[in-house]
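Engineer: Sharing a structure below in structure tokens format, with a few things to ask.
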Amino acid sequence: MIDVNCRICQTKAAIIEAADFGRHKGYKCPVCGPYFITSTAEAMVQGKPRGSMLSSWIRDHYESNLSPPEISSDILEDVLKNITNRSPLEKQLLLLRAIEKRTDYPGAKVSLNLTHDYPLAWASNPDELRYLVKSLEDRRFVAQDKTIGTSVLNVVILTDGWVYLDSHATKSAFKDRAFIAMSFDKSLDALWENGIKIAVERAGYKPHRVDKEPHLDRIDAKIIADIKDSAFMIADVTQQKQGVYFEAGYALGLKRPIIWCVREDDLDNVHFDTRQYNHVVWKTAEDLQEQLYNLICAVLGKRTHS
Ligand SMILES: [Zn+2]
């Protein structure tokens with residue numbers, strides 16, 4: 001095994017075998033986790049200021065038990081455009097959830113490695129992770145073992161931490177994320193590119209569409225988590241895909257605002273159970289963009305900064 005530096009975070013990583021005969025190179029990084037990347041994407045990522053967020057995005061696949069992402073230049077561009085920095089409170093919630101996930105039983109200690117685990121909290125570096133743990137400690141959500149060395153923190157979730165986790169179990173971690181549920185059919189690409197995506201971005205939110213990430217063409221734990229972490233959903237039911245209805249039903253259960261949309265010629269086919277909801281009825285992608293933008297600003301408010 002040859003040791004190289006991770007292309008994203010520059011930590012010493014191992015090379016892993018890619019199954020596609022050289023199209024991608026594979027790396028297994030202790031910070032980012034395993035991933036595959038094309039040489040074009042590798043060149044693009046050199047010196048990217050958002051590297052730490054890319055580490056968090058890759059690590060998230062590993063933490064969600066998904067296959068390692070295959071990063072092409074297209075995917076990279078999309079990911080870099082759609083990940084934003086998180087507020088300190090959002091990071092604290094994500095960190096607390098990561099600690100919860102590692103807790104074997106209430107009261108059990110969890111070890112966080114500062115050098116390797118900072119992407120769990122979407123932190124920029126080990127120092128920020130240390131600060132975020134301290135913040136959770138100040139809020140009496142966790143207690144920290146003082147006797148441990150400098151690179152490993154041993155933490156335990158306290159009662160207030162469990163109460164907070166419980167009350168935030170269905171709350172979104174990302175206040176600016178819009179989950180887009182729609183048919184993945186190629187014929188609707190323009191609807192996404194010229195309609196929904198632009199409307200959401202103009203209103204100051206980040207559109208999150210799962211098929212823009214690799215390996216996510218089915219409803220799995222990651223989709224469920226992504227819906228949970230979104231502030232609202234746009235469900236376009238054109239072509240009447242079952243997946244879209246499933247995702248919208250899940251969002252309804254979480255009490256997330258949903259904006260229903262459908263193409264004019266498909267309005268009559270909308271499922272009986274959801275016909276009661278108001279639908280944005282559109283003819284062209286541009287038409288949808290205008291209607292959606294106005295509706296998002298009216299219902300959720302325009303975000304002027306992220
Ligand atoms: Zn890395």
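The values are calculated or read from the model by the stated rules, or taken from the named source; none is laboratory data. Just so you know, these numbers come straight off a predicted model, no measurement behind them. Ideal geometry is used to build each Cβ from the backbone, glycine not excepted, and the neighbour counts take in all protein chains shown.
Engineer: For the range 113-136, does any single residue satisfy the condition of being touching a residue at least 12 places away in the same chain (Cβ under 8 Å), within 14 Å of L158 (Cα to Cα) and surrounded by 20 or more Cβ atoms within 10 Å (Cβ to Cβ)?
Structural biologist: Within the range 113-136, one or more residues are touching a residue at least 12 places away in the same chain (Cβ under 8 Å), within 14 Å of L158 (Cα to Cα) and surrounded by 20 or more Cβ atoms within 10 Å (Cβ to Cβ).
Engineer: What about S183, is it hydroxyl-bearing (S, T, Y) and surrounded by 15 or more Cβ atoms within 10 Å (Cβ to Cβ)?
Structural biologist: yes
Engineer: On to the next question. Select from the range 84-102 the residues that are surrounded by 18 or more Cβ atoms within 10 Å (Cβ to Cβ) and in contact with a strand residue (DSSP E or B) (Cβ under 8 Å, 6 or more places away or on another chain) and write down the one among them that is nearest to S151 (Cα to Cα).
Structural biologist: I99
Engineer: It is to be established whether one or more residues within the range 250-258 are in contact with a helix residue (DSSP H, G or I) (Cβ under 8 Å, 6 or more places away or on another chain) and in a helix (DSSP H, G or I).
Structural biologist: yes
Engineer: Are any of the residues in the range 233-240 crowded, with 16+ Cβ neighbours inside 10 Å, out of contact with any strand residue (DSSP E or B) (no Cβ under 6 Å at 6 or more places or on another chain) and aliphatic (A, V, I, L, M)?
Structural biologist: Within the range 233-240 (the criterion being crowded, with 16+ Cβ neighbours inside 10 Å, out of contact with any strand residue (DSSP E or B) (no Cβ under 6 Å at 6 or more places or on another chain) and aliphatic (A, V, I, L, M)), the answer is no, since none of the residues qualifies.
Engineer: Another question, then. Quick one: is A143 in the same structural domain as K255 (by TED's automatic domain parsing) and either not hydrophobic (A, V, I, L, M, F, W, C) or not in a loop (DSSP other than H, G, I, E, B) (or both)?
Structural biologist: So A143 fails the test.
Engineer: Could you check G161 against (1) more than 24 Å from G51 (Cα to Cα); (2) surrounded by fewer than 16 Cβ atoms within 10 Å (Cβ to Cβ) and say which number it fails?
Structural biologist: Here G161 meets the rest and fails (2).
Engineer: Then there's this: Please enumerate the residues belonging to the range 1-17 that are assigned to a loop (DSSP other than H, G, I, E, B), within 13 Å of the ligand (Cβ to nearest atom) and more than 22 Å from the chain's Cα centre (by Cα).
Structural biologist: Q10, T11
Engineer: Can you give me the ranges of the strands (runs of 3 or more DSSP E) entirely in the range 18-113 with at least 2 residues that are within 14 Å of the ligand (Cβ to nearest atom)?
Structural biologist: It comes to 25-29, 33-37.
Engineer: Select from the range 18-41 the residues that are under 14 Å from S67 (Cα atoms) and among the charged types (D, E, K, R) and list them in ascending order.
Structural biologist: Selection gives K28 alone.
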